[in-house]
Amino acid sequence: MIKKMNIVIVGLGNIGSYFYNYLRKNKNFITNKTNIIPNILFVSAKSFTKKRNFPLPKKIWLKNYLSAAKMKNVDIIVELIGGAEGPAKKLVFEALKNKKHVITANKALVSKYGDQLSKIAEKNKVNFEFEAAVCGGMPIIRAMKEGLIANNIHKIYGILNGTSNYILSSMDKNKLEYKDSLIQAKKLGYAESNPASDVNGEDVASKLKILTALGFNSYINNKSISVEGIKNIDQTDINNANHLGYKIKLVGVAESIKNKIIQRVHPALIKENSQIAKINGVLNAVIIESYPVGKTVLQGEGAGPGPTTSSLVSDLCSVLRGNVKFPFVLSDRRRVHAAFENINNNKFSAYLRLDVKDKHGILSDVTKVMAKNKVSVKRLIQNPTSNKKNASIIIITHEAKSSSFEKVLSKLKKKNYVVNIPKIIRIEKI
């Protein structure tokens, strides 16, 4: 007789609803793959009476979602509520403490409390699975946990957010300004009504912190990470980048330099013929550089109910097969408190854009400010603006420390000839 495992799904938004219907319709398919029956014992959400376009039997409705964590006949809890605090946090902590396997798509929760949750899961010999928390349907977590287990990883980077990538791609392809591209993304369902975490870089930061912990066998570091979004990118920057042979992308990068790990999220100019520059629309791509395999590239749909359900079912099948594993590959006591460093001493070349009054001597003063702060000019372009009294100065710099660029920006902002806030965008060789 085939054994069954009882599942409770908490959260019936777009992803929760899709996942519930997938399990309901594909129970036999999963049973054939795992030799275990995935039985939906209960589901729970804010409202049972909410109109849904699928049948939801009253007998499987669980009014108090937290009670699932203490039910003896519950084996697996799938948390699809979202958010690092509140109901999601309460449910996952309680479930693991009560020896329930947990599957989640909640990147905010994992990036903030992943270390604590991993320790509880290990102590109680249950799984804490979060493949769906990073890059939707791309199996990046499992690739790092298992496929690349023989490798020493030294750099992880890529495009980790489909919303911001769609906005930047649309600005480039359709010649739209940021606000118009964001409106279009919302209409198409690629952006939430409140897209703040996507466009300010926080979504990428959460994912990057999880990948960093996995890649470098470290505890999650929430402090030493530089995060910058895309809201200040405009059509002029897009056009300038194209003229210079680049594309602008929001990237997440984690790398080990001289035994210190640097995590950063920011827009970057990337050579137009590079692999990352060609990733457009809502696609994600992650590149891992490691030894001995070299460069590994994963690319695919980074969000949406279909791709996310693919990852949730992957985690579910792993649990059904009885594979109890450490959530972050190593046991808690063997993970390391790695040395993390901010980006101040990290060197890079950059695109510097200054909109200034068109007066004699300004360019000379700009280069003096740069020289005093150890930033030198590699290439310079001066363009007129629609306002004939102003000019736009575009400078490509030689490599300099991040702290030096901060000083340059601080000095230039105070100059009375500057008509808009000066802008610096990193140039990445990836």
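All of the numbers you see were taken from the coordinates with simple rules; none came from a lab. All values reported here derive from a predicted model rather than from experimental measurement. FYI the Cβ positions are ideal-geometry reconstructions off the backbone, even for glycines, and counts take in every protein chain you see.
Given the chain reduced to its alpha-carbon atoms as identical point scatterers, what log10 I(q)/I(0) does the Debye formula return at q = 0.10 Å⁻¹? Each listed q maps to, in turn, -0.74.
If only the Cβ of Lys and Arg carry +1 and only the Cβ of Asp and Glu carry -1, the dipole of region 6-56 around its Cα centre is close to 180 debye.
Take each peptide in 101-107, 210-216, count the other Cβ atoms within 10 Å of every residue, and average; sorted highest first, the result is 101-107, 210-216.
Most tightly packed first, judged by the mean number of other beta-carbon atoms within 10 Å of their residues, the peptides 343-354, 217-228 read 343-354, 217-228.
Within the set K207/K347; K145/K207; K249/K374; K46/K186, which residue pairs have Cα atoms separated by over 18 Å? Mind showing how you got there, number by number?
Working: K207/K347 24 Å; K145/K207 15 Å; K249/K374 27 Å; K46/K186 24 Å.
The answer is K207/K347; K249/K374; K46/K186.
Using the per-residue mean of other Cβ atoms lying within 10 Å as a proxy for protection, in what order, highest first, do the peptides 131-144, 232-245, 53-66, 276-289 fall? Display every interim value, and only then the final one.
On the way: 131-144: 24.1, 232-245: 16.9, 53-66: 11.1, 276-289: 20.2.
Top to bottom by mean Cβ count within 10 Å: 131-144, 276-289, 232-245, 53-66.
With only Lys, Arg, Asp and Glu charged, each at its Cβ (+1 for the first two, -1 for the last two), find how big the charge dipole of the chain is about the Cα centre; round to the nearest 20 debye. Intermediate results must be reported in sequence, preceding the final value.
Details: 70 positive and 32 negative charges, 137 e Å.
It works out to roughly 660 debye.
Entry note, the chain: relative contact order of 16 percent, from Cα contacts under 8 Å with a spacing of 6+ residues. Here's the picture: charge each Lys and Arg Cβ at +1 and each Asp and Glu Cβ at -1 in region 156-201, and of A185, G158, S197 the one pushed furthest to the positive end of that dipole is A185. Residue pairs exceeding 27 angstrom between C-alpha atoms, taken from K33/K99; K51/K179; K372/K415; K378/K401: K51/K179. Tell me which of P292, G114, A268 sits at the most positive position along the dipole axis of the chain, charges placed on C-beta atoms (Lys, Arg +1; Asp, Glu -1). Value: G114.
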